[in-house]
1. Among the strands (runs of 3 or more DSSP E) confined wholly to the range 45-158, which include 1 or more residues that are closer than 25 Å to SER219 by Cα?
2. Can you spot a residue in the range 208-215 that is modelled with pLDDT under 95, β-branched (Val, Ile, Thr) and open to solvent by less than 10 Å² (accessible area, probe 1.4 Å)?
3. Pick out the one residue from GLU154, GLU213, GLU208 that is acidic (Asp, Glu) and touching a His at 6+ places or on another chain (Cβ under 8 Å).
4. Condition first: open to solvent by less than 30 Å² (accessible area, probe 1.4 Å) and either in a loop (DSSP other than H, G, I, E, B) or basic (Lys, Arg) (or both). Now tell me which residues in the range 181-205 satisfy that.
5. When you scan the range 74-92, do you find a residue that is closer than 20 Å to TRP288 by Cα, open to solvent by 20 Å² or more (accessible area, probe 1.4 Å), within 23 Å of the chain's Cα centre (by Cα) and small (Gly, Ala, Ser), even just one?
6. Could you tell me how many of the residues in the range 40-68 are modelled with pLDDT of 95 or more, surrounded by 18 or more Cβ atoms within 10 Å (Cβ to Cβ) and out of contact with any Pro (no Cβ under 9 Å at 6 or more places or on another chain)?
7. Would you please name the residue that is nearest to the chain's Cα centre (by Cα), looking only at residues in the range 345-364 that are in a helix (DSSP H, G or I) and surrounded by fewer than 17 Cβ atoms within 10 Å (Cβ to Cβ)?
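The values are calculated or read from the model by the stated rules, or taken from the named source; none is laboratory data. A quick note: this is a predicted structure, and the numbers were derived from the prediction, not measured. Cβ placement follows ideal geometry from the backbone for every residue including glycine, while neighbour counts extend to all protein chains displayed. Protein only, heavy atoms only, side chains kept; ligands, DNA and RNA dropped before computing areas. Shrake-Rupley method; radii C 1.70, N 1.55, O 1.52, S 1.80 Å.
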Amino acid sequence: MLPSIAFLLCAHILLAQVKVNFVINSLPSNTPDPKAIYLAGGFNDWSPGKPAWQFTANALQQSLAPGNYEYKLVRGSWDKVECGANGGPFGNRSLHVVHDTTIYLAIADWQDLHPAIQRTHTASANVHIISEKFDMPQLGKQRRVWIYLPKGYETSKKKYPVIYMHDGQNLFDGYTSGFGEWGVDEFLDSLKAGQQQFIVVGVDHGGEARTVEYSPYESKYGKPLGAQYVDFLVETLKPYIDSHYQTLTDAKHTTVAGSSMGGLISMYAELKYPKVFGSAGVFSPAFWVNPPIYDLAKTDTQKAGRFYFVCGDQEGDMEVGDMYKMANIVNYKMVPYTEVEAIVIKGAKHNEAQWRGAFPAFYQWLVAGIK
């Protein structure tokens, strides 16, 4: 049963922003450019070079909502991220925000000052690159697009349901992923004969443009391009996939899914195009970036759809509250047209490890909806 909207709204109001001071008190003497250090984490969509998150004289102050965050220090790009002493591994930093506080940071070393770590490709044989430069006319850009084809696809005459996913770099291949892969291919490869198979299409994110490309509304991060990105999925990519592959083309068999900003844009995509996307996988959605998404959900009360919401309880009270708030809106406003599942995973954080672990249950939910 979903928590009541009134409770969640009251809880949300209580989550006032608090001031967090970050102070670097230890820095490697050989740091190439000590003035170009930034914070990147769950609080800014892991963007490694945002001016608002740059340290000045080794200090940075930000206002954050109470909750749990993970982050790292980086010199403007992910190839210049902090690491352990002598190039050793160094996990994400954790931050639990309750009240105004000061966090002192000691940086042991920088990854780019040591030999590059050898990485290997992990994508299965069923994963293919459709194009390294697939045209996105709605955005005036090009992007790599991946596709997973079920085992036996080449000799099968079956047509398959399709899942369209964002952040293609992180879905199939550890070599291209920034923070670990979802392992979508490994999971689907593990299915036994007779179990429902899916075609999965992955679109790479736009790097520094990721936040605005996955934002349907104006925000502090810049001019939104989310509407154009979703139009690309519907007007350009889906017609291409349907004409070149054995797909079930109706909304019941077409899903859109993603995490964080990808969860936000997946929610928007189904609300905007319910006759195209019949289901949405909304993992750890960053609704806080674009609050008007709630108004869209409230006004689209006569549209059918299935929504699968999931996040971890270690992502922070705001993340959990935002997810439940949206789940309540679509559950109560769109009845009897909507099916909603909302899950909070105990101990899970805002990262690929959580989404990898959550994908099998999402798959089971999808299968149940198309039988």
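1. 59-64, 67-74, 93-97, 127-136, 141-148
2. Checked against the condition, which is being modelled with pLDDT under 95, β-branched (Val, Ile, Thr) and open to solvent by less than 10 Å² (accessible area, probe 1.4 Å), the range 208-215 yields at least one hit.
3. GLU213
4. So in the range 181-205, the residues open to solvent by less than 30 Å² (accessible area, probe 1.4 Å) come out as 181-185, 188, 191, 197-204.
Across the range 181-205, the qualifying residues are GLU181, TRP182, GLY183, LEU191, GLN197, PHE198, ASP204.
5. First pass over the range 74-92, keeping only residues closer than 20 Å to TRP288 by Cα: none.
For the range 74-92, residues closer than 20 Å to TRP288 by Cα, open to solvent by 20 Å² or more (accessible area, probe 1.4 Å), within 23 Å of the chain's Cα centre (by Cα) and small (Gly, Ala, Ser): absent.
6. So the count comes out to 2.
7. ALA353
The rows are residues; the columns are (1) surrounded by 19 or more Cβ atoms within 10 Å (Cβ to Cβ); (2) part of a strand (DSSP E or B); (3) under 21 Å from the mean Cα position of the chain (by Cα).
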| site | (1), (2), (3) |
| --- | --- |
| VAL256 | yes, yes, yes |
| SER266 | yes, no, yes |
| ASP322 | yes, no, yes |
| ILE343 | no, yes, yes |
